[in-house]
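Student: Before I ask anything, let me first share the structure, which is written out below as structure tokens.
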């Protein structure tokens with residue numbers, strides 16, 4: 001079932017990248033962070049790409065699916081996109097994600113970095129424990145301090161996760 005959801009979620013990503021909103025509706029809802037350490041690499045890569053797409057959609061403006069757990073009473077009982085869950089599990093698995101999917105990892109760190117620079121996460125998500133953001137910066141951004149935090153060519157990332165490419169200029 002999760003493979004179907006991921007396939008539906010990534011239809012057209014090779015053309016729209018993260019500049020177009022993905023289908024975050026009923027047909028694609030899932031706790032994707034639960035698959036960040038999954039044994040099946042296709043599902044694992046897709047789940048991490050789902051998080052990256054959420055970040056890219058937030059940064060580029062077409063969609064914001066993230067929620068927080070603390071102090072929010074107006075949301076439906078079941079929410080699939082709690083930011084703290086995704087970030088926490090990404091940090092726990094960052095080393096293996098970087099090893100196994102270096103291009104995807106670079107995109108995820110890039111969007112976390114750009115979003116944090118655009119407006120500090122403590123201001124965007126004041127309900128979330130600030131220690132999580134300090135840990136993120138220390139673990140992800142300081143490691144990369146000697147190099148620019150920039151993602152590779154988009155097609156490299158698509159190939160790495162087994163998705164089709166489209167624009168040769170994105171190589």
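Student: Within 10 Å of each residue's Cβ, count the other Cβ atoms and sort 42, 14 from fewest upward.
Tutor: 42, 14
Student: Relative to the present Cα-Cα distance, how much length would full extension add between residue 95 and residue 166 at 0.36 nm per residue of separation?
Tutor: Details: separation 71, 0.36 × 71 = 25.56 nm, distance 2.96 nm.
Extra length available between residue 95 and residue 166 comes to 22.6 nm.
Student: Neighbouring Cβ atoms within 10 Å as the yardstick, rank 169, 106, 96 fewest first.
Tutor: Ascending number of Cβ neighbours within 10 Å: 169, 96, 106.
Student: Can you give me the Cα centroid spacing of the range 1-41 and the range 80-107 in angstrom?
Tutor: 15
Student: Which ordering of 22, 135 is given by a fewest-first count of other beta-carbon atoms within 10 Å?
Tutor: Ranking 22, 135 by Cβ neighbours within 10 Å, fewest first, gives 135, 22.
Student: Mean separation of Cα pairs under 8 Å and 6+ residues apart, divided by the residue count of the range 2-164: what relative contact order is that in percent? Each step should come with its number before you reach the end.
Tutor: Working: 167 pairs, mean separation 39.1, N = 163.
Contact order relative to length: 24 percent.
Student: Next up: Given R₀ = 25 Å, FRET efficiency for residue 11-residue 39 by Cβ-Cβ distance, to 0.05?
Tutor: So, using R0 = 25 Å, E works out to roughly 0.50.
Student: Using label points projected 7 Å from each Cα along Cα→Cβ, tell me how many nm separate residue 29 and residue 60, to one decimal.
Tutor: 2.5
Student: Taking the chain on its own, what percent of its Cα-Cα pair distances exceed 30 Å?
Tutor: 12
Student: Among 102, 151, 126, whose mean-square fluctuation peaks in a Gaussian network model of the chain (Cα, cutoff 10 Å)?
Tutor: Result: 126 has the largest fluctuation of those listed.
Laboratory data are not the source of any read-out in this text; all were calculated from the coordinates shown. Being a predicted model, the structure only gives us computed values, none of them experimental. Here the Cβ is made from the backbone with ideal geometry for all residues, glycine too, and neighbour counts use every protein chain on show.
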